[in-house]
Every structure is written in C-alpha cells, then in structure tokens.
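Peer 1: Below is one structure. I have some questions about it.
The values are calculated or read from the model by the stated rules, or taken from the named source; none is laboratory data. Source: prediction; values computed, not measured. Every residue, glycine among them, receives a Cβ derived from its backbone with ideal geometry; neighbour counts consider all protein chains shown.
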C-alpha cells in the first residue's frame, strides 16, 4: 500500500447495547486495495470484562487492532450481534493521508511504550478526535466525544457526514448488520456492506 492510494475515510459506531456509550473506529479507503480498519480498544485478560469505571484506574491495556473489515467489522456484526452503523466522512484525500500517518506513528509509539486505556483521556473516540486535530481538523470539544454513542449526531450537525437526508433516515439506512450477515466472510465484504448506504464513496 502506498500513501498516494489512500482516498477516503469511513466511520463506524458499534454498540454493546444501544445508548449514549458505544465503540467507534475507522476504515481508510484505498483506490487499489480493500479498506483497512483500525480499532482502538482495550485488551482484557482471560476472565476479565471491560468496566468503564475501572478503565479510569489503569486496569486495561490500550491496543490498536488493524485488519480487514470482514474481521474487524464482522466480529461485531456477525459474531457479537452488535448494532453497527457506517458513515462516509466528508474528508479530503490529503487530510485522510495525514490522519493515516498519525495513526501509523501512534501504533509504532505504542509498540515501544505501552499505555493504559482510559475512558476519558485515552479511549477510542477521544483518540480519533485527537488524531483528527493533529491532521488538521477544525472544531472544539463536544460532550459527544465522550458519550460516543451519540457521536453520529455530532458528525451530522457539524457537516462531517452526508446531510442530504434527515438524520433519523440517514441513521436508519446506515445500519449495516443485515448486509454484513448476508456477506459473512466473503472477499467482497466491504462492497456488500456499502451497497445500500445512502452515501457511496467516490
């Protein structure tokens, strides 16, 4: 993969149970390869489950999962049965490439200097926003960066995703579980989960 082939960015919101807190991650789009997903997560030990309050006290290591969408997305849609929403971001190729480099730098830093996950300072959405700022994003802090189950409403209101439809309609059509379950582990999984989306990346 070459940096010049990075063309766009998609944003995922996944829910253990639908509400004000979820999990967010991104996929970088390429013009000559499948999308590459990067998910910022915790690494629970055997017999250990994630606990939001405990995450504030250095209980969970921070990890970055990098892989194909049929793995990163599929484990949530097809195996855990979590509701997953997919949105295409209105991000320029140049901004997306800068963001990709920020991600790569952070992954390399963590390999040398491990960190703990923290719900308020070192979580999935907080880091996505932090890296977007480093790549040139304009905008301030919003409570929905922390209550990230509501982050798609923030993206809509700030014009970072398609606003040609009412938000409720956009959100309804951005739920990809049915398409993901039909696609299963197919090689064209990325295409199939996007086939019915209201906004198709150019």
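Quick grid of which residues meet (1) modelled with pLDDT of 95 or more; (2) over 17 Å from the mean Cα position of the chain (by Cα); (3) on the phi > 0 side of the Ramachandran plot:
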{"position": "153", "(1), (2), (3)": "yes, no, no"}
{"position": "171", "(1), (2), (3)": "yes, no, no"}
{"position": "184", "(1), (2), (3)": "no, yes, yes"}
{"position": "190", "(1), (2), (3)": "yes, no, no"}
{"position": "201", "(1), (2), (3)": "no, no, no"}
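Peer 1: Something else: What number goes with the only condition from (1) modelled with pLDDT under 90; (2) loosely packed, with under 15 Cβ neighbours inside 10 Å; (3) within 30 Å of residue 169 (Cβ to Cβ) that residue 51 does not pass?
Peer 2: Answer for residue 51: the failing condition is (3).
Matching residues to (1) part of a helix (DSSP H, G or I); (2) farther than 18 Å from residue 35 by Cβ:
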{"site": "152", "(1), (2)": "yes, yes"}
{"site": "156", "(1), (2)": "yes, yes"}
{"site": "186", "(1), (2)": "no, no"}
{"site": "192", "(1), (2)": "yes, no"}
{"site": "196", "(1), (2)": "no, no"}
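Peer 1: Just to be sure, is residue 170 surrounded by 14 or more Cβ atoms within 10 Å (Cβ to Cβ), touching a strand residue (DSSP E or B) at 6+ places or on another chain (Cβ under 6 Å) and farther than 21 Å from residue 38 by Cβ?
Peer 2: Working: surrounded by 14 or more Cβ atoms within 10 Å (Cβ to Cβ): yes; touching a strand residue (DSSP E or B) at 6+ places or on another chain (Cβ under 6 Å): no; farther than 21 Å from residue 38 by Cβ: yes.
Judged against the criteria, residue 170 is not a match.
Peer 1: Taking the condition of being in a helix (DSSP H, G or I), farther than 16 Å from residue 131 by Cβ and touching a strand residue (DSSP E or B) at 6+ places or on another chain (Cβ under 8 Å), how many residues in the range 87-121 meet it?
Peer 2: The initial filter retains those residues of the range 87-121 that are in a helix (DSSP H, G or I), namely 93-112.
So of that shortlist, the ones also farther than 16 Å from residue 131 by Cβ come out as 93, 111-112.
Now drop any that are not touching a strand residue (DSSP E or B) at 6+ places or on another chain (Cβ under 8 Å), which leaves 93.
Summing the residues that are in a helix (DSSP H, G or I), farther than 16 Å from residue 131 by Cβ and touching a strand residue (DSSP E or B) at 6+ places or on another chain (Cβ under 8 Å) in the range 87-121 gives 1.
Peer 1: Within the range 63-76, does at least one residue satisfy the condition of being surrounded by 14 or more Cβ atoms within 10 Å (Cβ to Cβ) and farther than 16 Å from residue 25 by Cβ?
Peer 2: no
Peer 1: Can you give me the number of residues within the range 155-169 that are within 16 Å of the chain's Cα centre (by Cα) and without any contact (Cβ under 8 Å) to a residue 40 or more places away in the chain? Steps first, answer last, please.
Peer 2: Pass one, the range 155-169, residues within 16 Å of the chain's Cα centre (by Cα): 155-156, 160-161.
Still in the running and without any contact (Cβ under 8 Å) to a residue 40 or more places away in the chain: 156.
Looking only at that region, the number is 1.
Peer 1: Here is a further query. Quick one: what pairs do we get from the range 8-21, first residue surrounded by fewer than 14 Cβ atoms within 10 Å (Cβ to Cβ), second assigned to a loop (DSSP other than H, G, I, E, B), C-beta under 8 Å, 6+ apart or different chains?
Peer 2: Short answer, once both residue conditions are applied: 18/83; 20/147.
Peer 1: Let me ask something else about it. Go through the range 126-138 and give me each residue that's without any contact (Cβ under 8 Å) to a residue 60 or more places away in the chain and either in a helix (DSSP H, G or I) or loosely packed, with under 12 Cβ neighbours inside 10 Å (or both). It would help to see each step written out before you state the result.
Peer 2: Going residue by residue through the range 126-138, those that are without any contact (Cβ under 8 Å) to a residue 60 or more places away in the chain are 126, 129-138.
The answer is 126, 129, 130, 131, 132, 133, 134, 138.
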